[in-house]
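Structure, as structure tokens:
The values are calculated or read from the model by the stated rules, or taken from the named source; none is laboratory data. For clarity, every value in this text was computed on a predicted model and none was experimentally measured. Cβ atoms come from the backbone with ideal geometry, glycine included; neighbour counts cover every protein chain shown.
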Amino acid sequence: MTDAALVKIDVEPLTVTLPFGYKTQLRATGTYDNAMTQDVTTQVIWSSDQPSKASVSNNAGTQGLATGLSAATVTITATLQGVSGTATLTVTSETLSSITVTPDPLTLAIGQKQQMTATGTFSQGTVLDITAYVGWSSDHKRTASVSKTGLVTARKKGSALIKASKSGQQDTASVTVQ
């Protein structure tokens, strides 16, 4: 694409609602004058018009990762070769109302693994994957253990409850090991 000129940058998602203290990954797609498109997430310079309200990373490996710091509506900009694209990030002060753990129920054979997901519902209706934010535990670790990231490992026959908890909210999923 060295001969093609960048003409447009689209940032996705275009609008995001995020409770403060949480993060979301933004992506930038460049459109060139030859109609080709390319993911330019790691090449653009990311910026926030209110960095004290929402920050966005330019660090290797986390480019485009936006963090809500306090309630505000913030414009996030991705710029490359003088071309910019924007997204609107609304940071809310809503609180976590409930957690749902999936899959539930879960049946595994000894030695099998399964990634669990924790979905948070917040007080103003925002729904967000909070798998990386919750604490994970198992009531029978010898039957089914769970890692800090929510990865369940079936260890021996029996049943266990896998729990995700955060901010006074929790949910469990039942695991049967056969």
Q. Is there any pair with a first residue in the range 166-178 that is in contact (Cβ under 8 Å) with a residue 12 or more places away in the chain and a second that is of a type in the set (D, E, K, R) and in a loop (DSSP other than H, G, I, E, B) whose Cβ atoms are under 8 Å apart and which are 6 or more apart or on different chains, and what are they?
A. T172/D104; A173/D104; S174/D104; V177/R155; V177/K156; V177/K157; Q178/K157
Q) Among (1) loosely packed, with under 12 Cβ neighbours inside 10 Å; (2) at pLDDT below 95, where does P105 come up short? A) (2)
Q: Just give me the residues in the range 1-41 being loosely packed, with under 14 Cβ neighbours inside 10 Å and closer than 18 Å to T77 by Cβ, in sequence order.
A: V7, K8, P13, L14, T15, D39
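Yes or no, residue by residue, for (1) free of Cβ contacts under 8 Å to residues at least 40 places away in the same chain; (2) more than 28 Å from V134 (Cα to Cα); (3) not assigned by TED's automatic domain parsing to the domain that holds T126:
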{"residue": "T15", "(1), (2), (3)": "no, no, yes"}
{"residue": "L18", "(1), (2), (3)": "no, no, yes"}
{"residue": "N34", "(1), (2), (3)": "yes, yes, yes"}
{"residue": "I45", "(1), (2), (3)": "yes, yes, yes"}
{"residue": "P51", "(1), (2), (3)": "yes, no, yes"}
{"residue": "G61", "(1), (2), (3)": "yes, no, yes"}
{"residue": "L65", "(1), (2), (3)": "no, no, yes"}
{"residue": "A72", "(1), (2), (3)": "yes, no, yes"}
